[in-house]
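Please read the structure below before turning to the comments.
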C-alpha cells in the first residue's frame, strides 16, 4: 500500500480554524487527521503542500515511524509548531489507515486497552457575561450535562500582575462556580501563562479553599525555573505542556520535578505515537497526562486512542458540547460524553473510528479566526 496524495479541509469559526487532512492510498483506504492552529492555518497548509512532494506521496502508511522521522529531520531545519502539527495530522491519518486495514482500533495496535472509559472535562462553557451569577448558572448547565469536571480562566486580561480588586473578582467567580458544581466535581484552574511567579503563588493561595484540581500554566512556558519557583511554594498540582511541540523538550520539565500533569496536544506534538511515547516517559516520573484538546471530533478521537492504552492517563479536555457545538456534524461517529458517567466510552471501531463528512465541512469555510487572551471579552469567543 502506498500514499497517493492528501486533501485538506479547513472548518472555520470566529475563534478557531480546524484543519482536517485526508490521506489517500492506492488501495482505496483513506485516513483522517486534525489539528487546530491559531493564526497559522495557511502556514500549515503551505507546509503540507511541500511535505507531500518531499516526503508523503509514495510512502507506506504502515511505516509510521519512518515517515515521521523523514518529515521531522529530512528538511534539516529544526521542527517547530507548524512542522510538528503537519506531522501530527499525517501520522494520525496513517494510524487510521492501518487500523482500518487490519480491522482494529488504533489503541489495539499500541498495546491494547487499559480502560473502557475516559473521564472528560468541559471547556468553552463560560461564553457568557463575566459575573458570578452568570458563571454560576453556566456551571450548573455543565453539571446537568453529566460532566464531573470543568475548567475555567477567571482572570480577565491579567498579565504578569493582577491587582487586589481584580483578584477579589476572580475569587468571586470561582466561589460561584464551586458553589454551583458542588464539592465533588473537579475544577481545573487555567492561568494561560499569564503571571509572574510571585503573582501566581499569591493567586494560588487565594484559590486554594476552592480546591482546584490543578493550576494550569501559572507562568509563561518558556522559563522552567520560574515554573519550579511556583511549584516549590504551592501545594496544588501543576499542569503544563500544551505549548511544547517536541517530546524531547519535555526532558528538562521532567527533570525539574515542577509538573504533576503534562498536557501535550496530540495535534501539535507529532501525533498519536509521539504522545504515547511521551506518556511512557511521564510514567517513569510518576506524572499524569491530560492532553490539551481544543480541536474537533477527529482530534478528540485520536486523543482517545492514546487514552485507551495509557496507564497514567488522567482526563481529556472537550470543547465541542459548548463552543461551536454545530461543528460536530462534520465528523461521522464523533465521540461524545455519556451524561450518565461524564466519560467517553472507548470505541472498538477500526482505526480512529470516525469519518470526515466533506460536504458538511464545506458549510464552515475558513475564517480570519482570532483568539486574543489579552482583549476584553476573550472568553466569549466571538468576533469583535
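Computed from the coordinates by the stated procedures, all read-outs in this text should not be read as laboratory data. These numbers were taken from a predicted model, which means no experiment stands behind them. No Cβ is skipped: glycine too gets one built from the backbone with ideal geometry, and neighbour counts run over all protein chains shown.
Once the Cα atoms are used to define both axes, helix 164-181 deviates from the longest principal axis of the chain by about 70 degrees. As I understand it, the value is the acute angle between the Cα axis of helix 297-308 and the longest principal axis of the Cα atoms of the chain; what does it come to in degrees, rounded to 10? Taking the Cα atoms of the chain, the angle to 297-308 is about 90 degrees. Listed by Cβ neighbour count within 10 Å, with the fewest neighbours leading, 136, 292 appear as 136, 292.
For the range 225-290 versus the range 325-346, the spacing of their alpha-carbon centroids is 26 Å. Give the distance, in whole Å, between the Cα centre of the range 308-322 and the Cα centre of the range 73-94. Using only Cα atoms, the two centres lie 23 Å from each other. Compared with the dominant principal axis of the Cα atoms in the chain, helix 64-73 is inclined by about 70°. Secondary structure note: in the chain, about 55% of the DSSP beta bridges are antiparallel.
Starting from the Cα-Cα distance between residue 76 and residue 131, subtract it from 0.36 nm times their residue separation and give me the gain in nm to one decimal. Length gained between residue 76 and residue 131: 14.8 nm.
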